[in-house]
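Take a look at the structure set out below.
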Amino acid sequence: MGKRPAKLLYLSPISWNFLKARPQFIAGYAAENGFEVTYLARTPWGKGLIRSRRERLSKTLTAVNICVLPLALRFLLIEKFNNFRLKRLIAREKFDLIIVGDPRLTGALPDQCPVPVIFDCMDKNPDFYTGKIQEYVRSQEDNLCRIAAGIVVSAQKLRDILVAEYAISPDKISIVRNAAADDFLTALPDFPADELPPADLLYTGTIDHWFDWEAVVNFARQYPEYTIRIAGPLASQVPDDLPDNIELYGKVPHSRIAALIRRARLMIIPFVKNPLIEAVDPVKLYEYLALGKQVLSAHWDELDSFLPQKRLHFYRRSEEFASIAAGILDDKTCGHETPDQEFHACNNWNSRGKAFFNFVRRLTGID
């Protein structure tokens, strides 16, 4: 009889059925490569969840979404109560390894945690908040960094921040960047080809306060002959009186992303640079480049890791966006690119999962 698989808990900031991102890919890789995985997330009551759910996704992967009290970011007592609920749930099972994807979940860890903890740091977490909540998240992140046997970050900037702010040894941190899904180049469209006309410019992902509306609206007004499609959930207010050639497509299932990108001419990442964005390694950029697309993005230093990359273009001020985009679109070959198999082979979640768990095994000995 072989030994039982190691039991892994991934404490995630997003539910399994939310936009597919790093937490789901890392947990999925683990479940396919020797671990028995429980993927645990929490959703405030009223946000599409009225009771907790447990779903067996495969023999080695279970997704659990716990319904918790709302207003946790307004009242820290509620935050602590919600984490206490998770802590009781976690205590019922004997895990061999815990991965935490959000410092706000530090309070859900067992007291004097008896198993190794890995912090999967994918953002400059405190900068999502302000005031007392920001101070609280920073203190929780500090605590998590000290509890963790190791820390995996998605960007060099995040490594530098953790070392500087929490006096963490660089040897405790490994950089494992983001990636595109393993099947991204073979994913088939799940809608008729004539359901949605191709876009000239396309953005996929969440639209929040960092979205550079100034650049996009300015381009739309200067070039009304081009269609700009923005596909993703709205997390902040959209400017009034958007030009008619800007289309808000809404949240897109992950199965449709590749099809939308394939049919667009120019992919855009119009972000306003700030400390939060400067620490981001955008999944969407791996997807765009894997499909061979031309990409126009705001510039921040972390993106220099993609260079040299002839299909990646940068703008550094909002007013530059329009002229650079128009110049790219003037090339009649723009939009007729073929997938970049070599880039995808080096930048998919299978290759990242190997690097992630090689680091984990080296630190913990868990196989």
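Taking only the C-alpha atoms, wrap a convex hull around segment 60-166 and report its volume per residue in Å³ as a whole number.
Values: hull volume 12.3 nm³, N = 107.
Considering the Cα atoms of segment 60-166, their hull volume per residue is 115 Å³.
Could you work out the percent of alpha carbon pairs in segment 3-91 separated by over 16 Å, rounded to a whole number? Provide the component values of the computation, followed by the final result.
Numbers: 2160 of 3916 pairs.
Here the long-distance tail beyond 16 Å is 55 percent of all Cα pairs in segment 3-91.
Using protein chains only and a probe of 1.4 angstrom, how many square angstrom of Leu291 are accessible, to the nearest 10?
10
Under a 5 Å amide H to amide H cut-off, with H placed in plane at 1.01 Å, what residues pair with Ser297 once short-range neighbours are removed?
Residues meeting the amide H criterion: Ile269, His313, Phe314, Tyr315.
Give me, ordered by chain and number, the residues 5 or more places off Glu36 or on other chains with an amide H under 5 Å from its own placed amide H.
Result for Glu36 returns Ala6, Lys7, Leu8.
In percent, how large is the relative contact order of segment 224-350, given Cα pairs closer than 8 Å and 6 or more residues apart? Intermediate values should be presented prior to the final figure.
Working: 143 pairs, mean separation 29.2, N = 127.
After rounding, I find 23 percent.
Note the direction-averaged projected area, equal to a quarter of the hull surface, for the Cα convex hull of segment 263-357, in nm².
Details: hull surface 27.0 nm².
That works out to 6.7 nm², a quarter of the Cα hull's surface.
Okay, helix-only estimate at 222 nm for the chain: each DSSP H run of n ≥ 4 adds -39500 (n - 2.57), divide by all residues, round to 500 deg cm²/dmol; what do you get? Before the final figure, lay out each step's value.
Numbers: 10 runs with 116 residues, N = 367.
That calculation yields -9500 deg cm²/dmol at 222 nm.
Order the following by accessible area, largest value first: Lys80, Lys3, Lys157, Lys87. Probe radius 1.4 Å; ligands, DNA and RNA are ignored.
On the way: Lys80 120, Lys3 165, Lys157 80, Lys87 50 Å².
These residues rank, largest area first, as Lys3, Lys80, Lys157, Lys87.
Averaging sequence separations of C-alpha pairs under 8 Å and six or more residues apart, then dividing by the length of the chain, give the relative contact order as a whole percent. If you can, show how the numbers build up before the last one.
Working: 656 pairs, mean separation 54.0, N = 367.
Contact order relative to length: 15 percent.
Can you give me the orientation-averaged projected area of the convex hull built on the Cα atoms of segment 187-323, in nm²?
On the way: hull surface 32.7 nm².
If you wrap the Cα atoms of segment 187-323 in a convex hull and average its projections, you get 8.2 nm².
If you look at just the Cα atoms of segment 108-209, how large are its Rg and its Dmax in Å?
19.1, 57
Write down the percent of antiparallel bridges among all DSSP beta bridges whose residues are both part of the chain, to the nearest 5. Provide the component values of the computation, followed by the final result.
Numbers: 6 of 53 bridges.
Taking every DSSP beta bridge within the chain, about 10 percent pair in antiparallel fashion.
On the protein heavy atoms, probe 1.4 angstrom, tell me the percent of accessible surface of segment 217-367 carried by carbon and sulfur. Walk me through the numbers before you get to the answer.
Working: 3260 of 6830 Å².
C and S fraction of accessible area: 48 percent.
With the calculation restricted to Cα positions, what are the radius of gyration and Dmax of the chain in angstrom?
21.1, 69
What ranking of His344, His313 comes out by heavy-atom accessible area, probe 1.4 Å, highest first? Walk me through the numbers before you get to the answer.
On the way: His344 15, His313 50 Å².
Sorted descending by solvent-accessible area, the residues read His313, His344.
Any chance you could list the semi-axes, whole Å, largest first, of the equivalent ellipsoid that the Cα gyration tensor gives for segment 258-315, using √(5λ)? Working shown, then result.
Numbers: eigenvalues 75, 28, 20 Å².
Taking √(5λ) for each eigenvalue gives 19, 12, 10 Å, largest first.
Could you report the accessible area of Asp281 in Å², rounded to 10, computed with a 1.4 Å probe on the protein chains as they sit in the structure?
It works out to around 0 Å².
Find the all-direction average of the projected area of the Cα convex hull for segment 178-257, expressing the result in square nanometres with one decimal place. Can you show the working numbers first?
Values: hull surface 25.4 nm².
Value for segment 178-257: 6.3 nm².
Just order 68-75, 109-116 by mean Cβ neighbour count inside 10 Å, highest at the front, would you? Please list the in-between numbers first.
Working: 68-75: 15.0, 109-116: 13.5.
Going by the mean number of other Cβ atoms within 10 Å, highest first, we get 68-75, 109-116.
List, in the order given, every pair from Lys20/Lys293; Lys47/Lys157; Lys157/Lys354 whose Cα-Cα distance in the structure shown is over 25 Å.
Numbers: Lys20/Lys293 21 Å; Lys47/Lys157 32 Å; Lys157/Lys354 22 Å.
In this structure, Lys47/Lys157 lie more than 25 Å apart at Cα.
So how do His336, His299 rank on accessible area, 1.4 Å probe, biggest first, that is with the largest at the start?
Numbers: His336 140, His299 25 Å².
Final ranking, largest accessible area leading: His336, His299.
Rounded to the nearest 10 Å², what accessible area does Glu278 have for a 1.4 Å probe in the complete protein model?
60
Tell me, how many Å apart are the Cα centres for segment 165-181 and for segment 19-97?
23
The values are calculated or read from the model by the stated rules, or taken from the named source; none is laboratory data. These numbers come from a predicted model, not from an experiment. Cβ coordinates were reconstructed from backbone atoms using ideal geometry, including for glycine residues, and neighbour counts include every protein chain displayed. When the accessible area is computed, the model is the full protein with side chains, heavy atoms only, and any ligands, DNA or RNA have been set aside. Shrake-Rupley method; radii C 1.70, N 1.55, O 1.52, S 1.80 Å.
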